[in-house]
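Working notes, beginning with the structure itself.
The values are calculated or read from the model by the stated rules, or taken from the named source; none is laboratory data. It should be emphasised that the depicted structure is a prediction, and the values quoted were computed from it without experimental measurement. A quick note on method: Cβ atoms are made from the backbone with ideal geometry, for glycine too, and the neighbour counts reach across all protein chains shown. What goes into the accessible areas is simple: the full protein's heavy atoms, side chains included, and nothing from ligands, DNA or RNA. Shrake-Rupley method; radii C 1.70, N 1.55, O 1.52, S 1.80 Å.
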Amino acid sequence: MAVSRNRPPDLTISLPERLAAFLAERQLGAATCQVALSGGCDSVSLLHLLLRLRLPGGVAAVHVHHGLSPNADAWAAFCQDLCAQWAVPLQVLHVQVSSAGEGLEAAARQARYAAIAQHLPPGAPLLLAQHRGDQAETLLFNLLRGSGVQGLAAMRPDRCQYGLRLLRPLLDVSRRELETYATAQGLTWVEDESNSDSRFSRNFLRRDILPSLAERFPATEHILAQTAAHCAEAADLLDELAASDWQLVAQGEAVASVTGLRTLSGARLKNLLRWRLRTLGWQVPGTRRLDEFCRQIQGAAADRHPQLQLPQGCMRMGRGSLRWLAHGQA
């Protein structure tokens, strides 16, 4: 049985079988499955599971050395020794992380994916070991940030992002199930000491909040992951609506008719702009900035040219059109 967002996994099926079904559903053919290997229990278990499947394209691994921990060299050495023992090609990538303007975790994530995207061919499948506990944690984290349905959809099992195809085959697997598997297989792994630091918001949710919720609501992790799946379905429907609206207002690859945009309700206009920015790979602005820009689109006089500046460029209105202008364009 193939595992998907819309079908609950059959927990009577073994982990290797569930992983095989996930990959078969995505028809990767002879592509090499690259594993993001941190050295932790989750990624070591994923690598071990993939090797058991004897995939046609084989398995390789990539480890990103962030240099943020005094143990970073030891983690890289562990991954090198493990991959040598298992005859897995490994690439160790060194990155520098600057948290200027964003949190350290977000900056490390951006640096990590940017480095991997430069190393792998465009669209290459990168397998990530996030599990159901990570999914529940992500939903709760995004909820507390005030995210909409896109954020509450949390992590998708199959998503093209950062120039990579990100596959997360373990989102239906609990942390306990992975640890049980790793122990039964005699696997060893490293522990990231920062995971116990509750000053980081995600660690606080993982160590303090989710266990407390689980004491009162034992199915907390499963329910939150299920909620993320429901939100993902809603987000997909909103994307379909935005794509349909775009066909009605588009005047080119990056130009829309203001007259057409003004026929949309406020909610549909905001939905369309968010969708278009994500399609272009641009950062979506916060709610207040987007609300104000939509108000300007709907009511600005013909001689006014409102614009919204974003890190990748700007949205600018003028001469009856709304244009998306990347930095460097006139």
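Residues in the stretch 259-299 that are assigned to a helix (DSSP H, G or I), farther than 19 Å from LEU325 by Cα and in contact with an Asp or Glu (Cβ under 7 Å, 6 or more places away or on another chain): ARG268 alone.
Number of residues in the stretch 66-84 that are among the small types (Gly, Ala, Ser) and touching a Ser or Thr at 6+ places or on another chain (Cβ under 8 Å) equals 1.
Pairing each residue of the stretch 206-217 that is assigned to a helix (DSSP H, G or I) with any residue that is of a type in the set (A, V, I, L, M), provided the two are 6+ apart or on different chains, yields C-beta distances under 8 Å for ILE209/LEU140; LEU210/ALA136; LEU210/LEU140.
For ALA153, the conditions (1) open to solvent by 50 Å² or more (accessible area, probe 1.4 Å); (2) over 21 Å from PHE200 (Cα atoms) all hold with the exception of (1). Just one residue in the set GLN91, GLN34, GLN85 is over 21 Å from THR183 (Cβ atoms) and open to solvent by 60 Å² or more (accessible area, probe 1.4 Å); that residue is GLN91. Check whether at least one residue in the stretch 190-201 is in contact (Cβ under 8 Å) with a residue 40 or more places away in the chain, open to solvent by less than 80 Å² (accessible area, probe 1.4 Å), of a type in the set (S, T, N, Q) and closer than 22 Å to LEU23 by Cα, and report yes or no. No; the residues of the stretch 190-201 include none that is in contact (Cβ under 8 Å) with a residue 40 or more places away in the chain, open to solvent by less than 80 Å² (accessible area, probe 1.4 Å), of a type in the set (S, T, N, Q) and closer than 22 Å to LEU23 by Cα. Checking LEU237, LEU261, LEU224, LEU167 one by one, the residue that is without any contact (Cβ under 8 Å) to a residue 60 or more places away in the chain and either aliphatic (A, V, I, L, M) or touching a Leu at 6+ places or on another chain (Cβ under 9 Å) (or both) is LEU237 and no other. Can you spot a residue in the stretch 213-221 that is surrounded by 14 or more Cβ atoms within 10 Å (Cβ to Cβ) and within 22 Å of the chain's Cα centre (by Cα)? So far as the stretch 213-221 goes, yes, one or more of its residues are surrounded by 14 or more Cβ atoms within 10 Å (Cβ to Cβ) and within 22 Å of the chain's Cα centre (by Cα). Looking at the structure I just gave you, is ARG112 outside any strand (DSSP E or B), among the basic types (Lys, Arg) and touching a strand residue (DSSP E or B) at 6+ places or on another chain (Cβ under 6 Å)? In short, yes.
Note on the stretch 16-99: no enclosed strands (runs of 3 or more DSSP E) hold 2 or more residues that are among the aromatic types (Phe, Trp, Tyr).
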